[in-house]
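Accompanying notes for the structure given below.
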Amino acid sequence: MQSWFFLEDPKRRKLKIPKKMTDKQIPQKPEIATQNWVFSVALSDLSPKEKLFITGSTPELGEWDYRKMIPLEHNENENVWTKTIEIPNYCDVYYRYVVCAVNEECNDTRICRWECGIEPRVIKESMLHPVIDHFGEYGGNEMLIRGWLTSQSLVQFKFIDNPLKLKSRLAGRLMHIKVTPVKLSFGTEPHIEESSLSTDTMDVETPAGVYVEVATLDNDPSLCSLQPQEQFGREYRPNDTLLVNVFAPNPKNIAFLIDFYSYSTRASSEDPPCHIGYTYVLPNMFKPSEGLLELPVTCNIKHRPLGTINFEYLIICPMEENLSNFKVTYAKHWDPNWTGLEVGHRGLGASFKTKEGNSIRENTIASLKKAAASGADMLEFDVQLSKDMIPVIYHDFHVCISMKRKREVDFSEMLELPVKDLTLEHLQKLKVYHLVEGRNHEILFYDEDLEEHQPFPTLKDTLEALDEHVGFNIELKWTMELKDGTFELNNPFDMNTYVDKVLEVVLKYARSRRIVFSCFNPDICTMVRYKQNKYPVMFLTVGVSEKYPPYRDPRCLSIPAAVQNAISSDILGIVVHTEDLLRDPTQVKLATDAGLVIFCWGDDNNDKNTIKKLKEMGLHAVIYDKLDQYTTKEVKVHEIYNFVHSFCYILS
């Protein structure tokens, strides 16, 4: 295994000399236990509503809790923010700076960006005099990351597949699309944010504390990155994917005005665009997490129908329980030396794809342990929810259930049921078979008496059963819409509920284990990114393939589209299908040039020579089956020691 950031580096361990039994260690208290320390940080590019805060390791600094951040005071003459805070003299004090947008009307604070170095700033016990820090710069590097959702929600509008259908006289004209939040509960005087409203919509009241960003998936990284929405919105070109993110304290009290603008062919470069039409989105039109709307577009002048606009939306709510803080984040952290990691697919490998499948059932504790003992750096497995909303490890959306409890199975009495319709007790106690076994009338595993070989271990039990030194690549299983309009699974759980249940278990029980989340659904990736700040997220993609049917979402159709989506979602990287990668190996550089981490998956990986080739291409990790047979490296000495120690213990 490679050395990872989650674990202590053995090379850096300090030698501890044991003291004699007779030596008494009397703690020495300093004469003065605390002192006043002047924290100063230079920062100039703040918007009028943004303020600088500090958080840190001591109670006086809030103990990394976002609810206890300390606001700094601005010295306008020097562009320096300062605050005198009492700190202890008897230990090192760790701290970070945070930029937040403060809405005093509704007492709401949105975390905009914060310092994310693995090691925070430190005031050594021996330091005597304060210094002026520079926001985001320390240790010779610039380390900043976007915030996560604490009290606000995120409403994302997705304009894809040429969503505007207008009258023939407007057909073919490029349109700018702008989304403006509108306050529904009106006060005495409207508060107008002139920078974000056009002259045509100056009569609407903007809700307090809202913020709008836009991104267009494009080969130009500057368009992919989220930017503040401009006065007339963002141009929509044919086949574009335009994402509009609206951060709001309470989206249930907000309507949305969608305006459409177009530049006249006779206008000069300095003329503003013409306001063509508009539509309104009311909060009661939304489902809790995701959906699709088709609305009429009304002419701005005659107020008659011009056509229709259809778009998808995603609503991300913050987690109810406060499980994230400023202590550390690995969301965008990846050491350049971490390349060629070996990841066990479903543990030791898929066991139902072919008759030569693995001898140990996939996605079980036994399979995961065997892959870990074989030298896996990480273990990849799939997570979905049981009917009673407990995260379990299983790949397929459906299972076969035998209606009778007996060893001689009558395959005519098999029922195919979704995993989501069975409780954990049903999944673990009923006679459950894989779809392949049920459809082929053939039982492949006779392992009922082996506890760790049973399917459907819970995510919590898996985190506790496996050695913390092996990392987990947790794939969140979520239904996808295929290009033909069908779904892999109908009527799944609410998306926010599903993601919250998985994150809650990981954030509580992962401890020091390294975790990487992944999913084929780009909306799930966005959700995981904004609901927590600790673990990285990677977008799984099929890309161009002859083996799998394409998905409808254009973000899933190619590696370039996946790269663009990862940039716009502000996630760590992508997990690509090796079939597409071998077709065009230059796509590895496309991802790495964009600053992304890239893994690969697929049946092509189940070959030693291919694994070696993929590592030489610069892949950060390769996910494959039968890691015990195809691994290209030796198991570390400490892993052999652990195995031998366990074996000797059993013999004794």
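The values are calculated or read from the model by the stated rules, or taken from the named source; none is laboratory data. This structure is a prediction, so every number in the text was calculated from the model and none was measured. Cβ sites come from the backbone with ideal geometry, for glycine too, and all protein chains shown count toward neighbours. With ligands, DNA and RNA removed, areas are computed over all heavy atoms of the protein, side chains included. Shrake-Rupley method; radii C 1.70, N 1.55, O 1.52, S 1.80 Å.
Of all residues in region 284-323, those that are in contact with a Leu (Cβ under 7 Å, 6 or more places away or on another chain) and within 27 Å of TYR95 (Cα to Cα) total 3. Close contacts from region 153-164, counting a first residue that is closer than 18 Å to CYS525 by Cβ and of a type in the set (D, E, K, R) and a second that is at pLDDT 95 or above and surrounded by fewer than 19 Cβ atoms within 10 Å (Cβ to Cβ), with Cβ to Cβ under 9 Å and a gap of 6+ residues or different chains, come to LYS158/GLU312.
Of all positions in region 46-54, none carries a residue that is of a type in the set (A, V, I, L, M) and surrounded by fewer than 16 Cβ atoms within 10 Å (Cβ to Cβ). Would a scan of region 453-469 turn up a residue that is more than 24 Å from the chain's Cα centre (by Cα), in a helix (DSSP H, G or I) and modelled with pLDDT under 95? Yes, some residue in region 453-469 is more than 24 Å from the chain's Cα centre (by Cα), in a helix (DSSP H, G or I) and modelled with pLDDT under 95.
Out of LEU323, LEU292, one residue alone is modelled with pLDDT of 95 or more and open to solvent by 60 Å² or more (accessible area, probe 1.4 Å). It is LEU292.
In region 63-82, is there at least one residue being open to solvent by less than 60 Å² (accessible area, probe 1.4 Å), modelled with pLDDT of 95 or more, more than 30 Å from ALA208 (Cβ to Cβ) and more than 26 Å from the chain's Cα centre (by Cα)? No - not one qualifying residue is present in region 63-82.
Within region 603-628, residues that are on the phi > 0 side of the Ramachandran plot sit with their Cβ atoms under 6 Å from residues that are part of a helix (DSSP H, G or I) and open to solvent by less than 60 Å² (accessible area, probe 1.4 Å), at 6+ positions apart or across chains, in these pairs: GLY618/VAL588. Total residues in region 582-604 satisfying the condition of being of a type outside the set (Lys, Arg) and either over 20 Å from the mean Cα position of the chain (by Cα) or in a helix (DSSP H, G or I) (or both): the figure is 13. Annotation note: Cβ proximity below 7 Å between a residue of region 49-67 that is in contact (Cβ under 8 Å) with a residue 24 or more places away in the chain and over 14 Å from VAL102 (Cβ atoms) and a residue that is open to solvent by 70 Å² or more (accessible area, probe 1.4 Å) and assigned to a strand (DSSP E or B) (sequence gap 6+ or interchain) occurs for GLY56/TYR94; SER57/TYR94; GLU60/GLU86. Here VAL328 clears all of (1) in a loop (DSSP other than H, G, I, E, B); (2) touching a Phe, Trp or Tyr at 6+ places or on another chain (Cβ under 7 Å) except the condition numbered (2). Say whether the condition of being more than 24 Å from SER351 (Cα to Cα), acidic (Asp, Glu) and modelled with pLDDT of 95 or more is met by at least one residue in region 417-437. The answer is no; no qualifying residue exists. Candidates in region 295-313 are the residues that are within 14 Å of LEU257 (Cα to Cα) and without any contact (Cβ under 8 Å) to a residue 40 or more places away in the chain; of these, the one that is surrounded by the fewest Cβ atoms within 10 Å (Cβ to Cβ) is PRO296.
Out of (1) modelled with pLDDT of 90 or more; (2) not in a strand (DSSP E or B), what's the single condition that is false for PRO190? Here PRO190 meets the rest and fails (1). Flag set for GLY307, criterion: on the phi > 0 side of the Ramachandran plot and not in a loop (DSSP other than H, G, I, E, B). From the list TYR280, TYR261, the one residue that fits, being in a strand (DSSP E or B) and open to solvent by 60 Å² or more (accessible area, probe 1.4 Å), is TYR280. Of all the criteria given as (1) among the hydrophobic types (A, V, I, L, M, F, W, C); (2) over 23 Å from the mean Cα position of the chain (by Cα); (3) over 24 Å from ALA350 (Cα atoms), the one not satisfied by ILE611 is (3).
For the residues SER268, SER359, the requirement of being open to solvent by 20 Å² or more (accessible area, probe 1.4 Å), under 30 Å from GLU437 (Cβ atoms) and either assigned to a loop (DSSP other than H, G, I, E, B) or not aliphatic (A, V, I, L, M) (or both) singles out SER359. The residue pairs whose first member lies in region 471-493 and is in contact (Cβ under 8 Å) with a residue 40 or more places away in the chain and farther than 27 Å from LYS369 by Cβ, whose second member is open to solvent by 20 Å² or more (accessible area, probe 1.4 Å) and of a type in the set (Ser, Thr, Tyr), and whose beta carbons are closer than 7 Å, counting only pairs six or more residues apart or on different chains, are MET480/TYR551; GLU481/TYR551; LEU482/TYR551; LYS483/TYR551. Of all residues in region 614-630, those satisfying the criterion of being more than 21 Å from the chain's Cα centre (by Cα) and not in a helix (DSSP H, G or I) are MET617, GLY618, TYR624, ASP625, LYS626. Pairs are defined by a Cβ separation below 6 Å, a sequence spacing of at least 6 or placement on different chains, a first member in region 337-357 that is closer than 16 Å to PHE472 by Cα, and a second member that is at pLDDT below 85 and not charged (D, E, K, R); the pairs so defined are LEU348/ASN358; GLY349/ASN358. Just give me the residues in region 233-258 being of a type in the set (Phe, Trp, Tyr) and surrounded by 21 or more Cβ atoms within 10 Å (Cβ to Cβ), in sequence order. Selection gives PHE247, PHE256. Only helices (runs of 4 or more DSSP H) whose full extent lies in region 483-581 are considered here, and the ones with at least 1 residues that are small (Gly, Ala, Ser) and open to solvent by 10 Å² or more (accessible area, probe 1.4 Å) are 559-569.
Each row is one residue, and each column tells you yes or no for (1) among the small types (Gly, Ala, Ser); (2) over 30 Å from LEU590 (Cα atoms); (3) touching a strand residue (DSSP E or B) at 6+ places or on another chain (Cβ under 9 Å); (4) modelled with pLDDT under 95.
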{"residue": "PRO249", "(1), (2), (3), (4)": "no, yes, yes, yes"}
{"residue": "TYR263", "(1), (2), (3), (4)": "no, yes, yes, yes"}
{"residue": "ARG266", "(1), (2), (3), (4)": "no, yes, no, yes"}
{"residue": "GLU270", "(1), (2), (3), (4)": "no, yes, no, yes"}
{"residue": "VAL281", "(1), (2), (3), (4)": "no, yes, yes, no"}
